Amino acid sequence: MKRAKALRRSLTPPEARLWKHMRAGALGGLHWRKQHPVGPYVLDFYCAQARLCIEIDGQTHEFTMARDARRDAWRGQQGIETLRIPAEAVRVTPESVLAQILESAQARLKL
């Protein structure tokens, strides 16, 4: 919990950019949590209604792919889908990233 609190105060620039559009129901009226702890992991963004986790992958992602796969598998066992988005996509095309997130969340709500 302490780690999650610290991470909430120090969002990366791509995370801060997305959070500005996701907070307070601004994205499809859905409630999102930032740096939310679930089990042994802290999720970048989480929508409990849709059971959807958004992970923003920076440049170091290529070195952590095996670890990320284990985390994604664990979340999948908990019924949480993970949507991984490159940080560069957030920087270059934030509108399309937000549309992709909203589409994924709405699809999960229909399950």
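Counting every other Cβ atom within 10 Å of each residue's Cβ, 103, 95 order from fewest to most as 95, 103.
Based on DSSP, what percent of beta bridges with both residues in the chain are antiparallel, to the nearest 5? Just about 55 percent of them are antiparallel. If each Cα of the chain is one equal point scatterer, what is log10 of I(q)/I(0) from the Debye formula at q = 0.12, 0.15 Å⁻¹? Log10 of I(q)/I(0), two decimals: -0.38, -0.61.
Computed extension length for residue 95-residue 23: 24.4 nm, one decimal, from 0.36 nm per residue of separation with the Cα-Cα distance subtracted. Seen from residue 56, the other residues with C-beta closer than 9 Å to its C-beta sum to a net charge of -3, counting Lys and Arg as +1 and Asp and Glu as -1.
Computed from the coordinates by the stated procedures, all read-outs in this text should not be read as laboratory data. Here the structure is a predicted model, which means the values were calculated and not measured. A quick note on method: Cβ atoms are made from the backbone with ideal geometry, for glycine too, and the neighbour counts reach across all protein chains shown.
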